[in-house]
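In what follows, a single structure is set out as structure tokens and then discussed.
Only the coordinates and a few stated rules stand behind these numbers; no lab work does. For clarity, every value in this text was computed on a predicted model and none was experimentally measured. As a convention, Cβ positions derive from the backbone with ideal geometry for all residues, glycine included, and neighbour counts pool all protein chains shown.
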Amino acid sequence: MYDDRRIAIGAVGAFLLLIGLLLPTYTTDWTSWLYENIEWSLQSNDSGRLMITALSYISWYLMTFLFIYLGGMVLANIFARDHSSLLYQGLFVLIVLGSVYAFNELYNEHYSYLIHLLVLSILLFLQNFIPQQKYFYIMYIVILAFILFSVQWLNLIPGMTKFGFGSDDFAVSIKLADEYLTDHILFNTLSTILFGVFFVIAIIVTTILHLYSKQVMISRQFQEQTQELKETRGALIETNVYKEIHSLVHDLKTPLVTVEGLLSLLAMKIQDTKSQAYFHKINGSIEKMKDMVSEILYEETKRALHVQELINYVVSHISLDDPNIDLKVKVEDDLPMVRVNKIRMSRAISNVVENAILSLQGEGGEVNVRCQESDEGVLITVQDDGMGIDAAYLEDIWEEGFSTKDSSGIGLPFVKNVIHQHGGTVQIESEPQVYTRVDMFIPFQSKEDNKDDSRH
């Protein structure tokens, strides 16, 4: 896929170069008109016509070499993405100067290399200040056009001829006509002014774009900091809420113990079979509530649980509102029991499943949850076909506070902590734009755990 993209970009660059090199072949009427107007200017002693001819020549030059420079930029960009790197700059200079050489050889011309070295120097300097954003290439083309238009006027300043500027046939012809008509006064003056004006415009445009980019960056940073503050505040509120819930859950133990005691007294007083059956059911419910309270309050509290029961509990607490997202669950039959803290373990698995669902929001896709036996334990795999995670982030996602989305970044560290507390392991594997898979391994209940349960 990446090689195909490079080939396509290379084809675009080569096409742009080819347009620039072959443009004179398709603009012979234009070039003939230029020569005719130079001759008419001399015959009619019309310096105004000569100035219009010079402007037309500059426009023809701009169009021709704009394609060559753009083609060179695109081709250099294949091998070096960073425009500030020496590799990119070296390739860009070589491609452009090589194209100028080919142009001179192809049309037996004498375009000055010096003028293009000057253009390249200015362009490579100014491009460091062009913001690398969505409209970079449009801004680049505008600035390149201003630079080419301004610097080309140096070719028409008679005083610059001794420095090697203006050696092509058109420039020489125009300057000779100017010498005859105005003794070099017209083009020494107007060409210098036009060079200065358009060069300053190129600098101003670049400066405005640079300052605008910095303003956008500052605004974006401010928004990100504001969002981070909101998230931090939200996390603090969540922490306080959790403490309050923890306290309330702890307070539940007292009435539960009271109800359990009263139920025992009732069971002793009322001995008929039907009432005893009710008392037994109520007592079972109280025991379940006590277990839940213990699991919430004490991390080390664990009990034997069927894997199917655990997964059913997880799925029952997941909200799936997007009809384009398909959640599939498959649990292998006859799996041995696991010894877990039901509340914390289900929350950990839910976090992984919810992350998978979140990655498919707006796009649709499939989330697969599979449970199978593996090495004296159960392997719970959650896989989605969403946007994936960049390889550079795979190690960082386990750190508290790290997040690739607008969240507090506490989900996966919690998952890792819970799995490790149960003697298990967790691994993540992802390929951007293809899939993400999280493997959670939980050991089966051991014989020692069975003995502990039997004592209770």
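How high is the FRET efficiency from Leu263 to Val216, r the C-beta distance, R0 60 Å, rounded to 0.05? Present the calculation step by step, with values, prior to reporting the outcome.
Values: r = 68 Å, r/R0 = 1.13.
With a Förster radius of 60 Å, E is 0.35.
In whole angstrom, note down how far apart the Cα centers of the range 112-130 and the range 1-38 are.
Result: 20 Å between the Cα centres.
P(r) for the range 2-224: what percent of alpha-carbon pairs falls in each 10 Å bin, starting at zero?
Taking every Cα pair in the range 2-224, the percentages come to 8, 30, 32, 19, 8, 2, 0.
Checking the table Lys269/Lys290; Lys281/Lys302; Lys230/Lys416; Lys274/Lys302; Lys214/Lys416 against a 30 Å threshold on Cα-Cα, which pairs fail?
Too far apart for the 30 Å limit: Lys274/Lys302; Lys214/Lys416.
Express the relative contact order of the range 101-211 as a whole percentage, based on alpha carbon pairs under 8 Å and six or more residues apart in sequence.
Values: 109 pairs, mean separation 37.3, N = 111.
Answer for the range 101-211 is 34 percent.
Helix by helix, which DSSP H runs in the chain go 15 Å or more along their axis at the Cα atoms and have an average Kyte-Doolittle hydropathy of 0.5 or more?
For the chain, where a helix must reach 15 Å along its axis and average at least 0.5, the hits are 2-26, 47-79, 86-107, 113-126, 136-152, 185-269.
Over all distinct alpha-carbon pairs, what is the Kirkwood Rh of the chain in angstrom?
29.4 Å
For Leu18 and Glu376 in the same chain, what is the full-extension length gain: residue separation times 0.36 nm, less their Cα-Cα distance, in nm? All intermediate terms of the calculation are to be shown ahead of the outcome.
On the way: separation 358, 0.36 × 358 = 128.88 nm, distance 6.66 nm.
Here the segment from Leu18 to Glu376 would lengthen by 122.2 nm.
Peptides 77-85, 160-168: what's the order by average Cβ count within 10 Å, highest mean first?
In descending order of packing, they fall as 160-168, 77-85.
If contacts are Cα pairs under 8 angstrom and at least 6 residues apart, what is the relative contact order of the range 301-340 in percent?
81 percent
Could you calculate the contour length gain from Gln43 to Thr31, that is, 0.36 nm times the residue separation minus the distance between their Cα atoms, to one decimal place in nm? Mind showing how you got there, number by number?
Values: separation 12, 0.36 × 12 = 4.32 nm, distance 1.87 nm.
Result: 2.4 nm gained on full extension.
On alpha carbon coordinates alone, what is the Rg over Rh value for the range 303-455, Rh being the Kirkwood radius?
Values: Rg = 15.6 Å, Rh = 16.0 Å.
Using Cα coordinates only, the ratio equals 0.98.
Classify the range 84-168: rounded, prolate or oblate, from the alpha-carbon gyration tensor (a ≥ b ≥ c, eigenvalue square roots; a/c under 1.5 rounded; otherwise prolate if a/b is larger than b/c)?
Since a/c reaches 1.5 and a/b is larger than b/c, the shape of the range 84-168 is classed as prolate.
Relative contact order for the chain: what percent, with Cα pairs under 8 Å and sequence separation of 6 or more?
Relative contact order of the chain: 9 percent.
For the range 51-95, what log10 I(q)/I(0) values come out of the Debye formula at q = 0.25 1/Å, with one point per alpha carbon and no solvent?
For the range 51-95, the Cα-only Debye profile gives -0.77.
Quick one: length gained pulling Ile282 to Arg6 fully straight, 0.36 nm per residue minus the C-alpha distance?
92.3 nm
Using a Förster distance of 25 angstrom, determine the FRET efficiency expected from the C-beta separation of Lys290 and Gln361, and round it to 0.05.
For Lys290 and Gln361, the calculated efficiency is 0.05.
Let me see the pair-distance distribution of the range 23-78: every alpha carbon pair, 5 Å bin width, integer percents in order.
4, 18, 21, 18, 13, 10, 7, 5, 3, 1, 0
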